[in-house]
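Here, each number is a calculation from the coordinates, and none is a lab measurement. Keep in mind that what you see is a predicted model, and the values were worked out from it rather than measured. Ideal geometry is used to build each Cβ from the backbone, glycine not excepted, and the neighbour counts take in all protein chains shown.
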Amino acid sequence: MAAAIGMSACAGKAPEKVDTSPLSTAYAPPFICNYVPKAAVEQMTGVRDPLATGSLNPAVKDRPAIGACSIFQNSGDKPSILRITLDTAGSPGQINEQLQDGSKPLPPIVPDGVGYYVKDTNMETRVGSVLVRGKERLGIELVRGVKGRDNEADVVALMKLIAPKLIVGTGTPPPETKD
């Protein structure tokens with residue numbers, strides 16, 4: 001009996017409980033990279049106070065939609081855990097090719113937008129998604145999600161949350177931006 005107690009004490013702390021609730025649909029500050037709600041990033045990555053670099057900027061007047069945002073864990077080795085890109089190199093043909101290759105279609109998110117999402121079969125928590133409207137393209141790559149969460153649903157939910165602001169955005173940054 002004493003040996004069993006001693007062994008369980010050496011095994012370390014109990015694993016933290018995974019938050020399996022759906023990703024928040026609240027588009028609220030604080031924001032990371034101008035347009036990404038920090039609370040959503042924390043929930044889908046399991047990282048509190050992540051580090052971020054870059055910015056995302058929707059099209060305004062003569063400037064095209066462009067930007068990149070990389071989000072990192074905040075301690076130890078700092079590999080990227082989430083990447084978001086916004087550019088004007090998209091085409092519906094790219095989406096159709098991915099869908100024919102087995103990717104899943106995104107639900108309708110923005111008018112005239114088409115997209116897909118796909119899970120990396122070699123890495124349990126890695127998921128990517130791309131949404132195209134005209135030439136505007138928004139990509140999300142969850143490099144490291146939370147084991148036990150529905151990472152595919154998280155990527156789709158984040159796309160639903162930020163795409164309307166970036167692809168069909170007003171061009172004005174939300175209040176209280178945080179980089």
Rg to Rh, two decimals, where the stretch 31-166 supplies the alpha carbon set and Rh follows Kirkwood: 0.95
Sites Lys78 and Gln100 - FRET efficiency at Förster radius 35 Å, r taken between beta-carbons, to 0.05: 0.45
Cα principal axis extents for the stretch 22-97, largest first, Å: 38, 29, 26
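Using 0.36 nm per residue of separation minus the Cα-Cα distance, give me the extension gain between Lys17 and Ile66 in nm, one decimal. Walk me through the numbers before you get to the answer.
On the way: separation 49, 0.36 × 49 = 17.64 nm, distance 3.74 nm.
Stretched fully, the Lys17-Ile66 segment lengthens by 13.9 nm.
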Peptides ranked, highest mean first, by Cβ atoms within 10 Å: ranges 147-160, 49-62, 31-44: 31-44, 147-160, 49-62
